[in-house]
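Asker: What follows is a single structure, and I will ask about it in a moment.
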Ligand SMILES: Cc1cc2nc3c(=O)[nH]c(=O)nc-3n(C[C@H](O)[C@H](O)[C@H](O)COP(=O)(O)O)c2cc1C
């Protein structure tokens, strides 16, 4: 059950921050996960499946589970598979996972500008903080697609203006989490009279995460986030990623340290691992053979059509196999790449797989022990 651990020396976040290399799982709560392929697999978007996965990851010692949020219309991204048409809401999923886990951070994405008041999200966060014993984190996103804003009946604010709005939103939310008196505020975008939140989060505030790529996104992360999901400036190819991520991460960390803050940077690779490189490449080919052309085209167009600064160097194969970066190879090769990521300043990974349950099991049996030998994880 819940690890409330009163008086424990470290908060759940601090425990994770002290890891040699943070290990997270990217939950497939959207149908098809990250891979628009009709190749056969067992991966499911349902809560039951994702709950089992999260528990499996926790038993393997993973540090966090993360769920993304996207708003798509009927048919999802189309194709034969209606890619991502079915999906769950991450905030609600995380609430469900609270009492099924006891150690991992549980991070849910919230589009804070889609009609919420900061008081709502502060209350949800305070509640989830209690439910998880201080293990809940919010991935703050501002949305980058006109179609999503359209669903909420809103025009999409200009890119940097969204971050100005986010800044005000988060300032109010953080104040509400720590304020011990009623709080009245008259901001540019939100106001409130005698607002108050209980329970107070047990470690000052919940874990704050963001995943921007632009200068405004990095500035926001430097001032507010504990963890940042970074995208590879060099595209999905792991060699290019390793070659380009170092300066990007160094810049992000420098911005954070100017604010007196320690910000951990995490990438999200798709790990395709088998006993030999040949077998792993065959497994990748199996996914690509099942590629749902229309779904890949639409998925790619939808992200590239938005005004996100991330993912710009991704080629078509990168989109078809999925993940921000792809690591394909034997367990030894995978650990070698993870070691290289650590060497260039990356603090950890949150992994997505193709067939999550068996692939995670394989990762636990074959890759984790090598990560321990390499000093990336302790047993
Ligand atoms: C690992 C990861 C997860 C993300 N999850 C979401 C999400 O769930 N929903 C969303 O709208 N954007 C998500 N994003 C997009 C970012 O929040 C951000 O909008 C994007 O990277 C563009 O950065 P920018 O806003 O600084 O231009 C994610 C990005 C990354 C790298």
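Asker: Say whether the condition of being in contact (Cβ under 8 Å) with a residue 12 or more places away in the chain, part of a strand (DSSP E or B) and touching a strand residue (DSSP E or B) at 6+ places or on another chain (Cβ under 9 Å) is met by at least one residue in the range 114-136.
Answerer: For the range 114-136, residues in contact (Cβ under 8 Å) with a residue 12 or more places away in the chain, part of a strand (DSSP E or B) and touching a strand residue (DSSP E or B) at 6+ places or on another chain (Cβ under 9 Å): present.
Asker: Determine whether residue 221 is buried (at least 16 other Cβ atoms within 10 Å of the Cβ), more than 21 Å from residue 123 (Cα to Cα) and within 16 Å of the ligand (Cβ to nearest atom). Working first, answer last.
Answerer: Numbers: buried (at least 16 other Cβ atoms within 10 Å of the Cβ): yes; more than 21 Å from residue 123 (Cα to Cα): yes; within 16 Å of the ligand (Cβ to nearest atom): yes.
Yes: the conditions hold for residue 221.
Asker: To continue, here is another question. Just to be sure I understand, how many residues within the range 194-218 are farther than 22 Å from residue 134 by Cα and either within 16 Å of the ligand (Cβ to nearest atom) or surrounded by fewer than 19 Cβ atoms within 10 Å (Cβ to Cβ) (or both)?
Answerer: Residues that pass the stated criteria total 8.
Asker: Name the pairs: first residue in the range 194-205 and over 13 Å from residue 173 (Cα atoms), second residue part of a loop (DSSP other than H, G, I, E, B), Cβ to Cβ under 6 Å, at least 6 apart or on different chains?
Answerer: Listed pairs, sorted by first residue: 194/182; 202/134; 203/11; 203/134.
Asker: Within the bounds of the range 280-296, is there any residue that is touching a residue at least 60 places away in the same chain (Cβ under 8 Å) and within 30 Å of residue 215 (Cα to Cα)?
Answerer: Here is the first cut: in the range 280-296, the ones touching a residue at least 60 places away in the same chain (Cβ under 8 Å) are 283, 286-296.
From what is left, the residues that are within 30 Å of residue 215 (Cα to Cα) are 296.
Checking the range 280-296: at least one residue is touching a residue at least 60 places away in the same chain (Cβ under 8 Å) and within 30 Å of residue 215 (Cα to Cα).
Asker: Additional query: Looking only at the range 273-280, decide whether some residue is assigned to a loop (DSSP other than H, G, I, E, B) and buried (at least 23 other Cβ atoms within 10 Å of the Cβ).
Answerer: Within the range 273-280 (the criterion being assigned to a loop (DSSP other than H, G, I, E, B) and buried (at least 23 other Cβ atoms within 10 Å of the Cβ)), the answer is no, since none of the residues qualifies.
Asker: I need every pair where a residue in the range 174-193 that is touching a residue at least 24 places away in the same chain (Cβ under 8 Å) has its Cβ under 9 Å from the Cβ of a residue that is surrounded by fewer than 12 Cβ atoms within 10 Å (Cβ to Cβ), sequence separation at least 6 or different chains.
Answerer: What qualifies is 192/184; 192/186.
Asker: Which ones in the range 21-50 are surrounded by fewer than 17 Cβ atoms within 10 Å (Cβ to Cβ) and within 20 Å of residue 363 (Cα to Cα)?
Answerer: 40, 42
Asker: Further question on the same structure: Specify which of the listed residues (293, 336, 279, 289) is out of contact with any helix residue (DSSP H, G or I) (no Cβ under 8 Å at 6 or more places or on another chain) and within 22 Å of residue 45 (Cβ to Cβ).
Answerer: Values: 336 fails: within 22 Å of residue 45 (Cβ to Cβ); 279 fails: within 22 Å of residue 45 (Cβ to Cβ); 289 fails: within 22 Å of residue 45 (Cβ to Cβ).
Selected residue: 293, the only one of 293, 336, 279, 289 that is out of contact with any helix residue (DSSP H, G or I) (no Cβ under 8 Å at 6 or more places or on another chain) and within 22 Å of residue 45 (Cβ to Cβ).
Asker: Within the range 63-78, how many residues are surrounded by 17 or more Cβ atoms within 10 Å (Cβ to Cβ) and assigned to a loop (DSSP other than H, G, I, E, B)? Steps first, please.
Answerer: The first filter runs over the range 63-78 and keeps only residues surrounded by 17 or more Cβ atoms within 10 Å (Cβ to Cβ), leaving 63-70, 72, 76-78.
Okay, now just the ones that are also assigned to a loop (DSSP other than H, G, I, E, B), so 63, 68-70, 72, 76-78.
Qualifying residue count, the range 63-78: 8.
Asker: Taking the condition buried (at least 18 other Cβ atoms within 10 Å of the Cβ), more than 13 Å from the ligand (Cβ to nearest atom) and either at negative phi or at pLDDT 95 or above (or both), does residue 234 pass?
Answerer: For residue 234, the condition - buried (at least 18 other Cβ atoms within 10 Å of the Cβ), more than 13 Å from the ligand (Cβ to nearest atom) and either at negative phi or at pLDDT 95 or above (or both) - is met.
Listed here are the residues, each with its yes/no results for (1) modelled with pLDDT of 95 or more; (2) under 29 Å from residue 12 (Cβ atoms); (3) within 16 Å of the ligand (Cβ to nearest atom).
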site: 125; (1), (2), (3): yes, yes, no
site: 131; (1), (2), (3): yes, yes, no
site: 140; (1), (2), (3): yes, yes, yes
site: 150; (1), (2), (3): yes, no, yes
site: 161; (1), (2), (3): yes, no, yes
site: 164; (1), (2), (3): yes, no, yes
site: 171; (1), (2), (3): yes, yes, no
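Asker: Report whether or not residue 60 is touching a strand residue (DSSP E or B) at 6+ places or on another chain (Cβ under 9 Å) and buried (at least 19 other Cβ atoms within 10 Å of the Cβ).
Answerer: It is false that residue 60 is touching a strand residue (DSSP E or B) at 6+ places or on another chain (Cβ under 9 Å) and buried (at least 19 other Cβ atoms within 10 Å of the Cβ).
Asker: Okay, moving on. Regarding residue 260, is this residue more than 29 Å from residue 49 (Cα to Cα), away from the ligand (no atom under 15 Å from the Cβ), part of a loop (DSSP other than H, G, I, E, B) and more than 21 Å from the chain's Cα centre (by Cα)?
Answerer: yes
Asker: What is the residue count in the range 82-96 for residues that are without any contact (Cβ under 8 Å) to a residue 24 or more places away in the chain and either buried (at least 16 other Cβ atoms within 10 Å of the Cβ) or touching a helix residue (DSSP H, G or I) at 6+ places or on another chain (Cβ under 6 Å) (or both)?
Answerer: Number of matching residues: 0.
Asker: When you look at residue 56, is it in a loop (DSSP other than H, G, I, E, B), more than 16 Å from the ligand (Cβ to nearest atom), at pLDDT 95 or above and closer than 20 Å to residue 270 by Cβ, yes or no?
Answerer: No.
Let's see how each residue does on (1) more than 16 Å from the ligand (Cβ to nearest atom); (2) surrounded by 19 or more Cβ atoms within 10 Å (Cβ to Cβ); (3) not in a helix (DSSP H, G or I):
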site: 248; (1), (2), (3): no, yes, no
site: 251; (1), (2), (3): no, no, no
site: 256; (1), (2), (3): no, yes, no
site: 266; (1), (2), (3): no, yes, yes
site: 270; (1), (2), (3): no, yes, yes
site: 283; (1), (2), (3): yes, no, no
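The values are calculated or read from the model by the stated rules, or taken from the named source; none is laboratory data. The model shown is predicted, which means the values in this text are computed figures rather than measured ones. Note that we place each Cβ from the backbone using ideal geometry, even for glycine, and neighbour counts take in every protein chain shown.
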